[in-house]
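Before any comments, here is the structure.
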Amino acid sequence: MFTFVGRLGVKEILVGLLMIMCLGVVVYSNTWHAPFVLDDIHSIVQNEARHAIKWSLPAFLGTRAIAYFTLDLNYGWGGLRVEGYHAVNIVIHIITSALLAILIYLVARRTYPQMIWRNQSLVMDNHWVLAITGGLFFLAHPIQTQSVNYIVQRMVLMTTMFYVAAILAWWFYRESQNRRRATGWAMMSLISTVLAMHTKEIAITLPIAIILVEYLFFSTSWRVLRRRWWKLLPWLITILIIPAYLLEVRGVFIHDLEVPPYAYSENVLDKISLARISNVSAETPDIARWTYFVTQWSVITRYMRLIVWPVELNIDHDIPWQDRWFDIRALSSLVLILGVVGAGVWLKLHRRVMGAAGIALFFIALSVESSVIPIKDNIFEHRLYLPMVGVALMAVEGLAWCIAKANKQGELTGEWLRRLGMAIILMIIVLSGLSYARNRVWVSALTLWSDAAVKSPQKARPLNNLGLAWEELGRREEAEKVYRQALDSSPDNIEVKVNLGALLGKANRTGEALKILKEAIEIKPELMSSYVNLGNVYLVRKEYQEAEEMYRQVLDAQSNNASAWASLGDALLGQAKNVEAIEALEKAVEIDQSEASWFNRLGALQAMEGRYDKAETAFNQALIVDPKLTVARNNLLKLQRDKAAQGKNR
């Protein structure tokens, strides 16, 4: 039996952390140019609130405020260049993996007897080997690629980082013999908990996770835990933070200009009524809680399969909704889940507490998004990022069991350890290779949605987004084919109808476009994009009055829709209403200064009306926004020549 008593050396610590850092950089070295996708578009690209850094107190108050603030910083540093966003996500992933490795080391040190593994001048004890293996496993597993590459899911990355940091600081607090240091660690844990609560709603489970750690590793029994409840009280109080934001209780005390007036109430009881709690605890009222709950049984088993066999990764899985618990698929999934829970109980009873903690943490971390809180999308791989902390603990428990068994049987020789080391290296290489290969799918919208369309052929969204990707490349025939395939599987899908109608309008197939867009309006009259695209088709047909009617209908509902104002200007120009057209375009550029073509069109109209100074200003602004806009430069030069000629004639 190998035994060794002593502290881990600085060199060993640095080597381990350097391995995590280098592997993270290598695995994600091919993702720097991955585009914005899904929620990235409306949360970052089209969201003006993410295009300015706010230092006021309200900017830091909210369940996702900290993550949004880092996105604001990204925009401030590099605009919408995706490289900066990806760099921050990768760094956060590496930091979280390193923090997890340190936490696993502390858990292993408290749980397993120490052994030593010498390799020339390097000394590694079994605790640090387990820790680095767990950190590398968490870092390299392919299931993590969606969380890292899907930029707006920085929320899940940061929440997990604060989550692990809070547990780690709690551990130091509980082990500290110095009262001042213990207080400092407790404060760090509490601050990390509060930061997590301001990053994403899944952090509400963090106090429960800390109770779990206290029970399994420090109190060891419920009786002892009950006597120490006061130590946990500050963390338990933080559970109220997220409900307070969701119920807008803070509006009773702090009035935020960004919160609409109707959110405020004079009576706190109005804020915490059962009806309101039910409303805010569901993303959508269209899905029954029981249906969501039963469906999650299949979702969780899919998650388990992807963890064990991560070869069918997909940005948009297709799992049908289920509401019958006695269905064979639902029932078999429930049996598997209960089997895993039972394994956790068995591990606890047999004092394999790291494995028990891993299983418990896995389900605790999933409890917000895989229980009875209905969410429109029943599955996403990024929801596994936090639960993977528990999976890493389970993996390390398995490795520790192998070492303990070999030691007990007297087989823990240098040769056995070399084979173990090779097996660990091989596992990390395989996981890293799979992650690197998966990252290549994220390099463009076309590759990403082509992959999703193959794996979810009956789901409309992957096909719709694939159609948009083909459109961006100017491949209209391929886009139309994909849109029609989406409508075959989902005939009433509004987004697909709108996009197909817009595509047909651009192709001058206006009759077909009008028919499809009018069908979309009949299905969902409140969707304004249908009216915008219908107006665009009328513009192509030179039916300017009908186009104007469509745009004004949009602006009645969305007065700050810059695109609708700009298109209204075109419709008015077609009717020779130049002055009104100028006013519409001025409104468009007042709302959104990022469209150079609008400034150019405004300048051309100003010149037609003899407003040369204003026209010159508009052309110059167009060139500031887009220096390569040739038509604006030519218009400006022509205007300047005309003004010079007029000056000579005078």
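State whether one or more residues within the range 56-66 are part of a helix (DSSP H, G or I), farther than 26 Å from Ile202 by Cβ and at pLDDT 90 or above. Even if it seems obvious, please write down each step before you answer.
Narrowing the range 56-66 to residues part of a helix (DSSP H, G or I): 57-60, 65-66.
The next check asks that each one be farther than 26 Å from Ile202 by Cβ; those that pass are none.
Looking for residues that are part of a helix (DSSP H, G or I), farther than 26 Å from Ile202 by Cβ and at pLDDT 90 or above, one finds none in the range 56-66, hence no.
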(message) Give me the residue from the range 474-510 that is in contact (Cβ under 8 Å) with a residue 24 or more places away in the chain and part of a loop (DSSP other than H, G, I, E, B) and, out of that set, farthest from Pro462 (Cα to Cα).
(response) Asn508
(request) State all residues of the range 179-198 that are surrounded by fewer than 17 Cβ atoms within 10 Å (Cβ to Cβ) and not β-branched (Val, Ile, Thr); if no residue qualifies, say none. (result) Arg179, Arg180, Arg181, Ala182, Gly184, Met187
(request) Exactly one condition in (1) outside the structural domain of Thr159 (by TED's automatic domain parsing); (2) part of a loop (DSSP other than H, G, I, E, B) is not met by Asn407; state its number. (result) (2)
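Inside the range 29-46, can you point out the residues that are within 14 Å of Arg154 (Cβ to Cβ) and assigned to a loop (DSSP other than H, G, I, E, B)? So that I can check it myself, show each step before the final result.
Of the residues in the range 29-46, the ones within 14 Å of Arg154 (Cβ to Cβ) are 31, 34, 36-40, 43-44.
Residues satisfying the conditions are Thr31, Ala34, Phe36, Val37, Leu38.
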(message) So if I check each of Ser56, Ser97, which one is assigned by TED's automatic domain parsing to the domain that holds Leu216, crowded, with 19+ Cβ neighbours inside 10 Å and of a type in the set (Ser, Thr, Tyr)?
(response) Ser97
(message) Against the condition closer than 30 Å to Glu472 by Cβ and of a type outside the set (Val, Ile, Thr), how does Pro35 come out, does it pass?
(response) yes
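In the range 4-19, which residues are modelled with pLDDT of 85 or more and within 13 Å of Ile102 (Cβ to Cβ)?
Initially, the range 4-19 is screened for residues modelled with pLDDT of 85 or more, giving 14-19.
Listed by number, the residues that qualify are Leu14, Gly16, Leu17.
Return yes or no: is Thr291 outside any loop (DSSP other than H, G, I, E, B), in contact (Cβ under 8 Å) with a residue 24 or more places away in the chain, in contact with a Leu (Cβ under 9 Å, 6 or more places away or on another chain) and hydroxyl-bearing (Ser, Thr, Tyr)? Steps first, please.
Details: outside any loop (DSSP other than H, G, I, E, B): yes; in contact (Cβ under 8 Å) with a residue 24 or more places away in the chain: yes; in contact with a Leu (Cβ under 9 Å, 6 or more places away or on another chain): no; hydroxyl-bearing (Ser, Thr, Tyr): yes.
Spelling it out, it is not the case that Thr291 is outside any loop (DSSP other than H, G, I, E, B), in contact (Cβ under 8 Å) with a residue 24 or more places away in the chain, in contact with a Leu (Cβ under 9 Å, 6 or more places away or on another chain) and hydroxyl-bearing (Ser, Thr, Tyr).
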(request) Those residues that are closer than 23 Å to Leu503 by Cα and among the charged types (D, E, K, R), I need them from the range 423-474; list them, please. (result) Asp451, Lys459, Arg461, Glu471, Glu472
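Yes/no per residue for (1) assigned by TED's automatic domain parsing to the domain that holds Leu347; (2) modelled with pLDDT under 95; (3) more than 25 Å from Arg351 (Cα to Cα):
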{"residue": "Trp185", "(1), (2), (3)": "yes, no, yes"}
{"residue": "Ser192", "(1), (2), (3)": "yes, no, yes"}
{"residue": "Met197", "(1), (2), (3)": "yes, no, yes"}
{"residue": "Ile202", "(1), (2), (3)": "yes, no, yes"}
{"residue": "Ala209", "(1), (2), (3)": "yes, no, no"}
{"residue": "Phe217", "(1), (2), (3)": "yes, yes, no"}
{"residue": "Thr220", "(1), (2), (3)": "yes, yes, no"}
{"residue": "Leu233", "(1), (2), (3)": "yes, yes, yes"}
{"residue": "Ile242", "(1), (2), (3)": "yes, yes, yes"}
(request) Could you please let me know if Lys542 is free of Cβ contacts under 8 Å to residues at least 24 places away in the same chain and not acidic (Asp, Glu)? (result) no
(message) If I ask for residues that are more than 30 Å from the chain's Cα centre (by Cα) and under 18 Å from Gln553 (Cα atoms), which ones from the range 493-522 would you list?
(response) Leu514, Leu517, Lys518, Glu519, Ile521, Glu522
(request) Run Val443 past the list (1) outside any helix (DSSP H, G or I); (2) over 20 Å from Ile41 (Cα atoms) and report the number of the one that doesn't hold. (result) (2)
(message) I want to confirm something. Restricting to the range 304-344 and keeping residues that are among the aliphatic types (A, V, I, L, M) and assigned to a loop (DSSP other than H, G, I, E, B), which single residue is surrounded by the fewest Cβ atoms within 10 Å (Cβ to Cβ)?
(response) Val311
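Yes/no per residue for (1) among the charged types (D, E, K, R); (2) modelled with pLDDT of 95 or more:
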{"site": "Leu246", "(1), (2)": "no, no"}
{"site": "Tyr262", "(1), (2)": "no, no"}
{"site": "Ala282", "(1), (2)": "no, no"}
{"site": "Tyr292", "(1), (2)": "no, yes"}
{"site": "Trp297", "(1), (2)": "no, yes"}
{"site": "Glu312", "(1), (2)": "yes, no"}
{"site": "Ile315", "(1), (2)": "no, yes"}
{"site": "Arg324", "(1), (2)": "yes, no"}
{"site": "Gly344", "(1), (2)": "no, yes"}
(message) Can you confirm whether Arg109 is of a type in the set (Lys, Arg), under 20 Å from the mean Cα position of the chain (by Cα) and assigned by TED's automatic domain parsing to the domain that holds Thr133?
(response) no
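Looking for something outside any helix (DSSP H, G or I) and either outside the structural domain of Glu312 (by TED's automatic domain parsing) or in contact with a helix residue (DSSP H, G or I) (Cβ under 8 Å, 6 or more places away or on another chain) (or both) - is there at least one such residue anywhere in the range 459-469?
Filtering the range 459-469 down to residues outside any helix (DSSP H, G or I) leaves 459.
Checking the rest, the ones that are also either outside the structural domain of Glu312 (by TED's automatic domain parsing) or in contact with a helix residue (DSSP H, G or I) (Cβ under 8 Å, 6 or more places away or on another chain) (or both) come to 459.
Yes - at least one qualifying residue is present in the range 459-469.
The values are calculated or read from the model by the stated rules, or taken from the named source; none is laboratory data. As the structure is a computational prediction, the values presented were derived from the model and not from experiment. Please note: Cβ atoms are built from the backbone with ideal geometry, for glycine as well, and neighbour counts cover all protein chains shown.
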